[in-house]
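S.K.: Next up is a structure, given as structure tokens.
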Amino acid sequence: MSDQSATAVACANIALIKYWGNRDAAQRLPANGSISMNLEGLFTRTRVAWREGFKEDSLIINGLPVRGTALQRVSDFLALVRNMAGMDWRAEVVSENNFPAGTGIASSASAFAALALAASIAARLDLEPAALSRLARRGSGSACRSIPGGFVEWQAGAGDEDSFAASIASPEHWELADCIAVVSAEYKTTGSTEGHALADTSPLQAGRVADAPHRLDICRRALLSRDFDALAGIVELDSNLMHAVMMTSTPPLFYWQESTLTVMRWVREWRLGGLPVCYSIDAGPNVHVITERAAAGRVADLLGAVPGIQKVLVAPVGGPARLVK
Ligand code: DP6
């Protein structure tokens, strides 16, 4: 065989309706469906080269060789690709994130989306979009949403076959932006994978999951009709629900810091003052402030002036994962 390598790029995404908890952790079958938007300009670029006769997979991230659990997670993922392609070669993986270092912006979604595309193409697997999204899901749940472009819905599905993400609207459908208020570059938190495993210990998780179809409907409709007020209400409710589950798990997970709450309060004030803004917070202290693109400059300036905010990143709605030279 000739060249068995490929390079792919995928953006990060921010969930507007969150994935928290799995029905099946090994297959990453989520407790509930989720909706996200891709983040243009925050991406991972990954090259995969399959090598005949190599004994082990290798991984370089941002120029540094990686071993241990991070390599194991990638190697377990590559084993799925080997299995699908019916081959036993090992891979050299070289990956770069363009996210500013130490900002705590999650990279597993863009990382496993880029890896799924590069590894499968390099293995001569030509997967349909749904199959590629299912594959990415096995690496990191949220990665399945970084395969399609724009505004994306991940159907929880009944099993592996129907648990994948698809676009519900293109990036051009609605010019929104995510202004990410970076609260702290130096924090240690419980990672999402460990966090998902605690979700069912919260007495609130069952209620959050049972109501998810309703929230998904409201969010999908708000996006399709470009209704910012409706979007703001459901996005903040959903983020608050997920954090209520986190805070009431055993052990409890508290991701917010003082500045997180300060930004949440200011966002509410600004919205009352007529600015189209709402907040959403993932498994860390940074605040994602969703706004209309025309207001993003103003929102970024306001956020930058809030005490405790180290930096503000602005990301418009991004496209799908793609191959590059
Ligand atoms: C809070 O997809 O990072 O960002 O599947 O274990 O890799 P793993 O978890 P991950 O979880 C994302 C959690 C979240 C909400 C979301 O993106 O939907």
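The values are calculated or read from the model by the stated rules, or taken from the named source; none is laboratory data. In this text, all values refer to a predicted model and were calculated from it rather than measured experimentally. Please note: Cβ atoms are built from the backbone with ideal geometry, for glycine as well, and neighbour counts cover all protein chains shown.
S.K.: For G191, state whether it is more than 28 Å from W270 (Cα to Cα) and at pLDDT below 95.
M.R.: Details: more than 28 Å from W270 (Cα to Cα): yes; at pLDDT below 95: yes.
Spelling it out, G191 is indeed more than 28 Å from W270 (Cα to Cα) and at pLDDT below 95.
S.K.: Hey, among A212, A197, A232, A222, which residue is under 24 Å from A130 (Cβ atoms) and in the same structural domain as K311 (by TED's automatic domain parsing)?
M.R.: Result: A212 is the single residue among A212, A197, A232, A222 that is under 24 Å from A130 (Cβ atoms) and in the same structural domain as K311 (by TED's automatic domain parsing).
S.K.: Among the residues of the range 224-248, write down those that are of a type in the set (G, A, S) and surrounded by fewer than 22 Cβ atoms within 10 Å (Cβ to Cβ). Before you say what the answer is, go through the steps one by one.
M.R.: Here is the first cut: in the range 224-248, the residues of a type in the set (G, A, S) are 225, 230, 232-233, 239, 244.
S225, A230, A232, G233, A244, listed by residue number.
S.K.: If we scan the range 250-263, do we find a residue that is under 26 Å from Q155 (Cβ atoms), outside the structural domain of A165 (by TED's automatic domain parsing) and in contact with a strand residue (DSSP E or B) (Cβ under 9 Å, 6 or more places away or on another chain)?
M.R.: Looking through the range 250-263, none of the residues is under 26 Å from Q155 (Cβ atoms), outside the structural domain of A165 (by TED's automatic domain parsing) and in contact with a strand residue (DSSP E or B) (Cβ under 9 Å, 6 or more places away or on another chain).
S.K.: Then there is this: Inside the range 57-72, can you point out the residues that are closer than 20 Å to R138 by Cβ and either charged (D, E, K, R) or not assigned by TED's automatic domain parsing to the domain that holds M87 (or both)?
M.R.: D57
S.K.: Hey, N32 hits all of (1) of a type outside the set (F, W, Y); (2) outside any strand (DSSP E or B); (3) surrounded by fewer than 18 Cβ atoms within 10 Å (Cβ to Cβ) but one; which does it fall short on?
M.R.: Answer for N32: the failing condition is (3).
S.K.: Continuing with this model, one more query. Being part of a helix (DSSP H, G or I), of a type outside the set (K, R) and within 13 Å of F151 (Cβ to Cβ) is the filter here; which residues of the range 213-248 pass it? Before the answer, list the steps.
M.R.: The first filter runs over the range 213-248 and keeps only residues part of a helix (DSSP H, G or I), leaving 213-224, 228-247.
Retained after the next criterion (residues that are of a type outside the set (K, R)): 213-214, 216-219, 222-224, 228-247.
Selection gives L216, C219, A222, L223, L224, L231, V235.
S.K.: Restricting attention to the range 29-55, and to residues there that are touching a Phe, Trp or Tyr at 6+ places or on another chain (Cβ under 9 Å) and charged (D, E, K, R), which single residue is farthest from the ligand (Cβ to nearest atom)?
M.R.: E52
S.K.: Spot the failing condition for S120; the list is (1) at pLDDT 95 or above; (2) under 19 Å from A70 (Cβ atoms), and only one is missed.
M.R.: The single condition S120 does not satisfy is (2).
S.K.: Residues to consider are S140, S58, S146, S108; find the one that is in contact with a strand residue (DSSP E or B) (Cβ under 8 Å, 6 or more places away or on another chain) and within 16 Å of the ligand (Cβ to nearest atom). Walk me through it before giving the result.
M.R.: Values: S140 fails: in contact with a strand residue (DSSP E or B) (Cβ under 8 Å, 6 or more places away or on another chain); S58 fails: within 16 Å of the ligand (Cβ to nearest atom); S108 fails: in contact with a strand residue (DSSP E or B) (Cβ under 8 Å, 6 or more places away or on another chain).
From the options S140, S58, S146, S108, the qualifying one is S146.
S.K.: Does the range 194-217 contain at least one residue that is touching a His at 6+ places or on another chain (Cβ under 8 Å) and under 19 Å from H288 (Cβ atoms)? Please lay out each step first, then the result.
M.R.: Taking the range 194-217 as the starting set, the residues that turn out to be touching a His at 6+ places or on another chain (Cβ under 8 Å) are none.
Checking the range 194-217: not a single residue is touching a His at 6+ places or on another chain (Cβ under 8 Å) and under 19 Å from H288 (Cβ atoms).
S.K.: Now for a different question. When the range 284-310 is examined, which residues are found to be over 24 Å from G149 (Cβ atoms) and either assigned to a loop (DSSP other than H, G, I, E, B) or at pLDDT below 95 (or both)?
M.R.: G284, P285, A305, V306, P307, G308, I309, Q310
S.K.: Take the residues of the range 249-273 that are assigned to a loop (DSSP other than H, G, I, E, B) and under 23 Å from the mean Cα position of the chain (by Cα): which is surrounded by the most Cβ atoms within 10 Å (Cβ to Cβ)? Step through it out loud before you land on a result.
M.R.: Step one: of the range 249-273, the residues assigned to a loop (DSSP other than H, G, I, E, B) are 249-257, 273.
In the following step, the residues that additionally are under 23 Å from the mean Cα position of the chain (by Cα) were identified as 249, 252-257.
Values: S249: 22, P252: 11, L253: 19, F254: 13, Y255: 19, W256: 17, Q257: 17.
So, considering only residues that are assigned to a loop (DSSP other than H, G, I, E, B) and under 23 Å from the mean Cα position of the chain (by Cα), the one surrounded by the most Cβ atoms within 10 Å (Cβ to Cβ) is S249.
S.K.: Would you check which residues across the range 152-208 are charged (D, E, K, R), more than 18 Å from Q27 (Cβ to Cβ) and surrounded by fewer than 20 Cβ atoms within 10 Å (Cβ to Cβ) and list them?
M.R.: First, pick out the residues of the range 152-208 that are charged (D, E, K, R): 153, 160-162, 172, 175, 178, 186, 188, 194, 200, 208.
Then drop every residue that is not more than 18 Å from Q27 (Cβ to Cβ), which leaves 153, 172, 175, 178, 186, 188, 208.
Across the range 152-208, the qualifying residues are E172, E175, E186, K188.
S.K.: Scan the range 11-26 for residues that are more than 9 Å from the ligand (Cβ to nearest atom), within 22 Å of A79 (Cα to Cα) and part of a strand (DSSP E or B) and jot them down.
M.R.: Listed by number, the list holds a single entry, D24.
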